[in-house]
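What follows is a set of notes on a single structure, which appears directly below.
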Amino acid sequence: MERYHRQIILKELGAEGQQKLLSAKVLVIGAGGLGCPVLQYLTAAGVGTLGIVDDDVVALSNLHRQVLYTMEDIGKPKAAQAALRLRAMNDDVQVIVHAERLTTVNAWNLIAPYDIVVDTSDNFPTRYLVNDACVLLQKPLVYGAVSRFEGQVAVFNVPTKNTAAVNYRDLFPTPPQDGEVANCAEAGVLGVLPAIIGSLQAVQAIKLIAGIGRPLINRVQTYNLLQDSWYDFEVQPAPLPNPLQPTSRAAFEATGYAVQCGISGFEEIDVAQFNQLLQQADTLVIDVRELDELPPVTEFAHRQVPLATVPDLFGNINHQSIVVFCQGGKRSQQAAKQLAHAFPLKKIYSLRGGILSWKEAAQTKQHERTQA
């Protein structure tokens, strides 16, 4: 009672509202400029379970705005260091660290156990990914973004009595292409701005949990720090379904969010990851070397398609994952780019180091077995 007394005596919140906060589970995507104030204020307010998703480490350039960290934290994982500070702030709160990058592979299981998601990420592929997962899982999403001197906050995926739930794609139906919108690293941001916008995101989460006030449901609020101006506008549901928005878990996990945003669209993988994909039934493996190139590959099933003929495959692949390899890894990158452009909803991989690296690793492993 003493810790939360100033909140509990608010008649709009009261003991019942405080209990709702203590029972709530909130997942915060990102522990950076926006994530720090969100995490601090939700911890202080007594949100019972906080999850932190972040795979980054603290850098010196973070410290002017990411106020959970100190000079001693540089080089250490953000999620773990944030959790240390939050636990010291309030031992009522269970802080769960997810020190990993959010992807279509892990997003479903990460988001599902939580009641509300707060997106404090700093890139468009993650924003669209988080949005789509929340729509499919029917999770309220508190969105925030900052750049230079301006920020915005909104609450998505919460239906009202009068309107259907609006989501991020209703506001921005077409993802911007790579480089079209400058990020904070390129455009800059005044350090205090994320504190303002992140605090507003925390407010929205608290109001949603406790059922008080009027959250920014189906509304976007923008703030210009230089002008000290605020602007609110409503977002209406799109009249037609967005063809880029997945409608099932399988479609979500097959969506290439980087490709939608004009990023390369394929991932380079090492030998261990390549071997894992070989075990998956829905994976097509393609050798883009010329037909007479050595060494031959007889150890696993694959299709031989020389680089120049890769476009002949377009429209003729039913697999959800495509792994491409060549001799040393250069031509497979070219092929992967072509395939990613032709199949934006599929997962495209290129074997780093080519088949030579795979053969070398296989020989080393065989030698180790013989020695044992």
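Of all residues in the stretch 143-155, those that are on the phi < 0 side of the Ramachandran plot have Cβ atoms under 6 Å from Cβ atoms of residues that are among the charged types (D, E, K, R) and at pLDDT 95 or above, 6 or more apart or on another chain, in TYR143/ASP119. Filtered by the rule that a residue be under 10 Å from the mean Cα position of the chain (by Cα) and farther than 13 Å from PHE252 by Cβ, the stretch 102-124 gives ASP119, THR120, SER121, ASP122, ASN123, PHE124. Of the helices (runs of 4 or more DSSP H) lying entirely inside the stretch 180-277, those containing at least 1 residues that are open to solvent by less than 70 Å² (accessible area, probe 1.4 Å) and within 30 Å of GLU16 (Cα to Cα) are 192-210.
Looking at ALA45, ALA31, ALA59, just one residue is surrounded by fewer than 22 Cβ atoms within 10 Å (Cβ to Cβ) and of a type outside the set (Asp, Glu), and that residue is ALA59.
On the basis of being in a strand (DSSP E or B) and closer than 19 Å to LEU34 by Cβ, does VAL118 make the cut? Step through it out loud before you land on a result.
On the way: in a strand (DSSP E or B): yes; closer than 19 Å to LEU34 by Cβ: yes.
Here the answer is yes, as VAL118 does meet what is asked.
Of note, GLN66 does not satisfy the criterion of being in contact with a helix residue (DSSP H, G or I) (Cβ under 6 Å, 6 or more places away or on another chain) and assigned to a helix (DSSP H, G or I). Of all the criteria given as (1) more than 14 Å from the chain's Cα centre (by Cα); (2) in a loop (DSSP other than H, G, I, E, B); (3) not basic (Lys, Arg), the one not satisfied by GLU72 is (2). Against the conditions (1) touching a Lys or Arg at 6+ places or on another chain (Cβ under 9 Å); (2) open to solvent by 10 Å² or more (accessible area, probe 1.4 Å); (3) outside any loop (DSSP other than H, G, I, E, B); (4) not hydroxyl-bearing (Ser, Thr, Tyr), where does GLU16 fall short? Just the number, please. Condition not satisfied by GLU16: (1).
The values are calculated or read from the model by the stated rules, or taken from the named source; none is laboratory data. A quick note: this is a predicted structure, and the numbers were derived from the prediction, not measured. Neighbour counts run over all protein chains shown; Cβ positions are idealised from the backbone, glycine included. Protein only, heavy atoms only, side chains kept; ligands, DNA and RNA dropped before computing areas. Shrake-Rupley method; radii C 1.70, N 1.55, O 1.52, S 1.80 Å.
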